[in-house]
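The values are calculated or read from the model by the stated rules, or taken from the named source; none is laboratory data. All figures in this text were calculated on a predicted structure; none of them were measured in a lab. Cβ coordinates were reconstructed from backbone atoms using ideal geometry, including for glycine residues, and neighbour counts include every protein chain displayed.
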Amino acid sequence: MQAPIPGVQRAVASGTPSHEYPFDSKVSLVTNHELNMIHVENLSKDYGQVRAVRSVSFDVPRGQVLGFLGPNGAGKSTTMKILTGFLTATGGTASIAGFDVATQSLEVRRRVGYLPESNPLYMDMRVDDYLRFAAEVRGVRGAQRQQGIDRVVEACGLERVYRKDIHELSKGYKQRVGLAQAMIHNPEVLILDEPTSGLDPNQIIEIRDLIRHLGTERTVILSTHILQEVEASCDRILIISQGKLVADGTLADLCEVLPSGALEIEVVGPLESIRQQLAELFVQGHVEHLAEGHARHGGHYFRVHVPLSMDAHAREATFDLIQGNSWKLVHLYRQKASLEDVFRKCTLSDAEAESLAERDLHSRVGEEVAHG
Ligand code: ADP
């Protein structure tokens with residue numbers, strides 16, 4: 001066995017801007033090679049004229065479940081295929097457990113289980129035969145083979161369908177078989193490309209629980225379009241857009257640093273005057289006066305959908321307005337951004353985001369008019 005290549009540590013935290021992030025990440029500094037199961041540095045991939053991945057860098061510590069998000073065509077599958085040794089990079093380096101994915105691909109494949117987006121299974125085979133075949137391909141032989149099969153059958157809950165033909169199985173069970181083949185050689189790293197795509201909500205929850213369980217013992221990279229899935233299963237989130245890494249952090253970090261569109265305000269003063277002046281202040285926003293029941297301290301309760309252009313100083317401006325009118329401020333709260341807000345902010349251009357916000361506003365106003 002070849003020794004791991006030395007010197008793949010990065011002296012900077014994942015997310016420290018050697019590339020352009022829209023905001024700082026708070027991911028902890030990880031420099032110890034032993035802790036970084038996956039290391040990616042300035043990775044690029046061109047398909048002819050198309051630059052699919054642009055100088056992407058990140059580290060994944062051992063035992064972390066990493067959610068890999070991005071719109072269609074962002075470069076997720078390409079990055080994952082490079083990490084699993086299925087594609088070669090145009091530039092940059094990547095390593096798994098210290099082994100270079102390009103030059104030490106046998107060592108890498110030994111340590112990585114991969115579930116591609118298409119989950120290619122042999123539909124005419126029985127589950128048990130297919131798993132035996134997958135074990136054979138992975139070089140798991142002799143007594144180890146049955147042990148490996150027993151282990152993945154239990155881990156993926158395949159006992160009930162073990163002797164069935166794969167084409168008879170539901171999509172959820174087919175995904176489980178795909179996961180089982182990815183794990184047959186007991187890899188330290190699992191790379192799962194949209195493992196829940198096309199599943200119904202019950203199946204999604206089952207596979208999500210399974211991934212969470214698998215993630216307790218392994219390092220996992222998981223790409224998905226389902227943001228709740230990331231919230232439920234992942235320790236950390238990377239967002240990639242047009243081949244570039246645009247966000248890197250825990251869910252709490254990402255939501256904390258991004259102001260959301262809404263402010264909640266409770267203020268004591270003349271209702272009409274407050275309403276009018278808030279509407280003048282947030283000209284491109286939307287001021288809602290909520291039922292008095294919302295106000296806990298005898299004031300008037302408003303929710304203001306803040307236009308993106310005012311995100312940064314919405315609270316200060318509101319405070320100044322209230323103070324300038326000698327009204328009494330009881331409550332001023334910025335709603336936390338959701339992962340969806342973060343995703344939109346990171347993956348849409350400012351112009352697109354403004355136009356979407358405007359469209360949302362019109363549909364909200366339309367609904368209100370419709371409801372009288
Ligand atoms: P994602 O997984 O985020 O949807 P992909 O990695 O599949 O994104 O694709 C990234 C970009 O690379 C897209 O523009 C896609 O059209 C292009 N691409 C992917 N695979 C190929 C290929 N085999 N040949 C040419 N272009 C490709």
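General remarks:
- Residue ID - nearest to the ligand (Cβ to nearest atom), chosen from residues in the range 185-199 that are in contact with a Gly (Cβ under 8 Å, 6 or more places away or on another chain) and free of Cβ contacts under 8 Å to residues at least 60 places away in the same chain: L199
- Just one of the listed residues (Q181, Q175, Q203) is away from the ligand (no atom under 16 Å from the Cβ), in contact with a Ser or Thr (Cβ under 9 Å, 6 or more places away or on another chain) and in contact (Cβ under 8 Å) with a residue 40 or more places away in the chain, and it is Q175.
- Unique match (being surrounded by fewer than 18 Cβ atoms within 10 Å (Cβ to Cβ) and among the acidic types (D, E)) among E266, E229, E272: E272
- Residue among E107, E136 that alone is among the charged types (D, E, K, R), assigned to a helix (DSSP H, G or I) and surrounded by 20 or more Cβ atoms within 10 Å (Cβ to Cβ): E107
- Residue within the range 81-92 that is touching a Gly at 6+ places or on another chain (Cβ under 8 Å) and of a type outside the set (G, A, S) present: no
Residue-wise test of (1) among the basic types (K, R); (2) in the same structural domain as L83 (by TED's automatic domain parsing).
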site	(1), (2)
L238	no, yes
L271	no, no
R275	yes, no
R296	yes, no
V304	no, no
P307	no, no
A312	no, no
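- Test: G48 is over 17 Å from the mean Cα position of the chain (by Cα), assigned by TED's automatic domain parsing to the domain that holds D193 and more than 8 Å from the ligand (Cβ to nearest atom): no
- If you check V60, V53 for being buried (at least 24 other Cβ atoms within 10 Å of the Cβ) and within 16 Å of the ligand (Cβ to nearest atom), only one passes: V53.
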